[in-house]
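Readers should treat all values here as calculations from the given coordinates under stated rules, not as data from a laboratory. On a predicted model such as this, the values are computed, not experimentally measured, just so you know. Don't worry about glycine lacking a Cβ; one is built from the backbone with ideal geometry, like all the others, and counts go over all protein chains shown.
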Amino acid sequence: MAIQSNQLDALYCRLSRDDELQGESNSIQNQKKMLKKYADDHGFTNSRFFVDDGVSGTTFDRPGFKEMLAEIEKGNVRTVITKDLSRLGRDYLRTGEYVEIIFPRYDVRYIAINDDVDTDKENNEFMPLKNLFNEWHARDTSKKIRAVNKAKAERGERLATRAPYGYRKDSDNPKQFVPDEVTAPVVKRIFDLCASGIGPTQIANQLKREQIMTPNVYEFHRSGMRFPLTNLDAPYNWRGDTVAKILENATYLGYTVNCKSRRKSYKDKRKLNVPKEQHLVFKGTQEAIIDLDTWEIVQRVREGKRRPTRMGTMDKFSGLVFCADCGSRHYCIRATTMTSEQINYICGTSRKKGKEACTTHFIRAAVLEQLVLDDIRRVTRFAKSHEQEFVQMLMDKSAAESRRELNSKRRELEKAKRRIEELDRIFRKLYEDRINGILTDQRFESLSQGYEQEQKELTAKTEQLEREIQESGEKAVHVDRFLAIVHKYTDIRELTPELLREFIQRIEVHERSVYRSPKATQQVDIYYNFVGMLPEAPETEE
């Protein structure tokens, strides 16, 4: 006899990516056939499917399940039918809560066909045990998948299935990425704009004005795949954070970077960022879109993020100028009433904490700009006209600096080792005093803890110093990379943000020899990319 009611009989189907590996029996199509036949055979005439395809059973944050739950809470559902308990969920506690508490609260009957579960009958004694087995299965599957992915990551295999914006999958080898003819030039332009000193939000606005499709919208038009947050009604709505992610993605260098994030548990889907030093980086895995020099310039620009001032202008030196004494960044002082000659820089510590913490290290922006421009022109002229002499000068400088650094580290290492030996003697004396009753247990614990911490820190320091001493021979100045920048420019007449960041790593401003004296001298140290602070080179004619 058919059951007459206006309420729904919910036929719920779920398939995860892991379930797909187990064959056709769990497919959505197979589940639908089974549920429909069961409903027809048992008089459930007002049936409706609720489907979650590609969603794990360890979470209940599923679109199809939430839609069904909304109908249940409205009182529109009388029966929920699944192929088995694992289709409803693989979380032992949550699945039991729905079957034994939430469904009965709304007078909903639950049936799991293959597990012979029917809450209208008295044969459900083993249901909690079956739910527990389902959770164990999910946990075991998760462990196996993590182990497989870890092995792939360590072999340098790419774990991401989607090609990042700027690349597409090779038609002959889907595991390989190749530059996309349409979007790779956009990625190059994004990096070039950032290298010139323009921030992600301004770049996003520029791409929006030029009506360049966002990554998700472009992918939809190219392949038909629609990802979350794809807004087809606003196809050019670039965001600053989208641009920032592109600028931080080392894939564009031709690298594959694995193990950038992890999850605490198979039940907790939140991603936790892994420290950069623990990332697995494999170079040359695909054709690079961005060269290394541009990448490094962009990362330096990003470290010293530049924001428009209240007057809407950008400080070209932002993030490059530092106090030679306290190391803080210099702050640009400007106002609408100031002329260009009055704009100046002062020490950030002095500005925030006062002159007692550090003096101002005042320098006018026009003076600094002219000084840096003159020095870049002097260095580039000499490097071009006397290249061999320039290279030899830098190599000699590098060797001398390496020797000084090496000797300093060796002295520091010997000092640390002597202190460790001294602490060993102190420990022995403390133990003797404790045994002889000179020290109480409480006093012994108090003293020994402090010494143990110091010894632990010193041991770690000695290990680090030994590694640095061992690796010191591998360090060298990158003269060739600096010369490549030099040869890009034929006649430097203006100091642009892009040129600044190509040449300059940092600028250190010393305090004036005599404070506020018009005749005072002031030292400014300019550190160039790849070669550091250059020795005085003779002037050459233009």
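So how much slack lies between Q278 and M533, counting 0.36 nm per residue of separation and subtracting their Cα-Cα distance, in nm?
Extending this stretch completely gives an extra 88.7 nm.
Do any of K409/K461; K32/K83; K245/K316; K355/K519; K283/K488 go past 18 Å between their Cα atoms, and which?
Too far apart for the 18 Å limit: K245/K316; K355/K519; K283/K488.
Between A151 and Q464, what is the FRET efficiency for a Förster distance of 35 Å, r being their Cβ-Cβ separation, to the nearest 0.05?
The computed FRET efficiency comes out at 0.70.
Which FRET efficiency, nearest 0.05, do E432 and Q453 yield, Cβ-Cβ r, R0 30 Å?
0.90
For a quick check of your reading of the filter: which GluC sites (Glu not before Pro) in the stretch 320-409 sit in a DSSP loop and have no more than 15 other Cβ atoms within 10 Å?
Sparse-neighbourhood loop GluC sites (Glu not before Pro): E341, E356.
If I histogram all Cα-Cα distances within the stretch 146-213 using bins 10 Å wide from 0, what percent of pairs lands in each bin?
18, 34, 26, 19, 2
Highest mean first, what order results for 46-57, 432-443 on Cβ atoms within 10 Å?
46-57, 432-443
With respect to the cross-link table entries K175/K208; K66/K260; K152/K175, which display a Cα-Cα separation exceeding 24 Å?
K175/K208; K66/K260
Could you please tell me the mean projected area of the C-alpha convex hull for the stretch 167-301, averaged over all directions and given in square nanometres to one decimal?
Averaging across all directions leaves 9.7 nm² for the Cα convex hull.
Checking the cross-link filter: which aspartates and glutamates have an alpha carbon closer than 18 Å to that of K169, excluding same-chain neighbours under 8 positions apart?
Those aspartates and glutamates meeting the cut-off are E157, D180, E181, E219, E287.
What does the net charge come to around I113 if you take all other residues with beta carbon closer than 11 Å to its beta carbon, with K and R at +1 and D and E at -1?
-2
Cα to Cα, under 18 Å, and not fewer than 8 places away if on the same chain: which aspartates and glutamates meet these conditions relative to K456?
Cross-link targets: E412, E414, E421, E422, D424, E445, E466.
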